[in-house]
Amino acid sequence: MKKGIHPDNYRLVVFKDMSNGHQFLSRSTAESKETVTYEDGNEYPVVKLEISNTSHPFYTGKNVLVDTAGRIDKFNKRYSKKAK
């Protein structure tokens, strides 16, 4: 790696797919105030993901609708025409 351009604060972080609960451990600089106990018994910071390779239709081969936090409702509310 080129010196001086990469962050120095890499640490182990658990990424959790909120649509199916799948977790995986990786190194990251992502900030998180929450922690979780991983499969190995250690506690790590957790970064929540809306979708990952275990739930994305491209990787699973299944066409499933993932509507976390009401994305359709948010879109409709944001772009609906205002009543005059």
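So, S19, is that one among the polar types (S, T, N, Q) and not in a strand (DSSP E or B) or not? The answer is yes for S19.
Here K48 does not fit the description of being at pLDDT below 85 and either surrounded by 10 or more Cβ atoms within 10 Å (Cβ to Cβ) or of a type outside the set (F, W, Y) (or both). Scanning the range 17-43 for residues being out of contact with any Ser or Thr (no Cβ under 6 Å at 6 or more places or on another chain) and more than 28 Å from R71 (Cβ to Cβ) gives a total of 7. Restrict the check to the range 24-42 and report whether at least one residue is in a strand (DSSP E or B), of a type in the set (A, V, I, L, M) and either on the phi < 0 side of the Ramachandran plot or at pLDDT 80 or above (or both). Yes: one or more hits. If only residues of the range 1-16 that are among the aliphatic types (A, V, I, L, M) and in a loop (DSSP other than H, G, I, E, B) are counted, the one that is modelled with the highest pLDDT is I5.
The values are calculated or read from the model by the stated rules, or taken from the named source; none is laboratory data. A quick note: this is a predicted structure, and the numbers were derived from the prediction, not measured. Reconstructed Cβ throughout: ideal geometry from the backbone, glycine too, with neighbour counts over all protein chains shown.
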